[in-house]
1. Take the residues of the range 56-89 that are among the aliphatic types (A, V, I, L, M) and modelled with pLDDT of 85 or more: which is farthest from CYS5 (Cα to Cα)?
2. Could you say which residue among TRP51, TRP22 is of a type in the set (Phe, Trp, Tyr), farther than 15 Å from GLU94 by Cβ, surrounded by fewer than 13 Cβ atoms within 10 Å (Cβ to Cβ) and modelled with pLDDT of 65 or more?
3. Out of the range 64-109, which residues are among the aromatic types (Phe, Trp, Tyr) and surrounded by 12 or more Cβ atoms within 10 Å (Cβ to Cβ)?
Amino acid sequence: MLIPCGHRLIIEPDKVEKETDWGLQLVSFDERLDEAGQQLGTIVAIGPDAWKAFRMMDDVGQEHNGLPWAKVGDRVWYSKYAGKFILDPHTEKEYKLINDEDVNVIIKEEKEE
């Protein structure tokens with residue numbers, strides 16, 4: 001189990017499988033988001049100090065109370081060049097370790113009525 005320290009988050013990046021003309025499977029990130037400087041992923045862990053430094057004014061001039069605005073399991077867009085890739089030594093699974101401010105959008109699913 002990986003536990004992020006401080007204000008960091010662990011993201012499981014979405015991967016898109018592609019097949020070449022020769023049948024070779026390629027795994028890469030979504031090219032459209034890649035061109036926009038964004039990546040899609042799911043938050044798997046949040047450090048204890050995430051978003052606590054944002055007790056001042058946010059981008060639109062509203063005061064932020066320092067409470068997390070994302071939670072484990074949320075699907076997010078995050079900055080492409082943020083953080084670094086890390087490997088879980090137990091599962092050999094690759095994750096992205098990013099700072100809390102690198103989460104740009106939370107993707108909420110529409111509920112059908």
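The values are calculated or read from the model by the stated rules, or taken from the named source; none is laboratory data. On a predicted model such as this, the values are computed, not experimentally measured, just so you know. Every residue, glycine as well, gets a Cβ built from its backbone with ideal geometry; the counts of neighbours run over all protein chains shown.
1. So the residue we want is VAL76.
2. Just one listed residue meets the conditions, TRP22.
3. TRP69, TRP77, TYR78, TYR95
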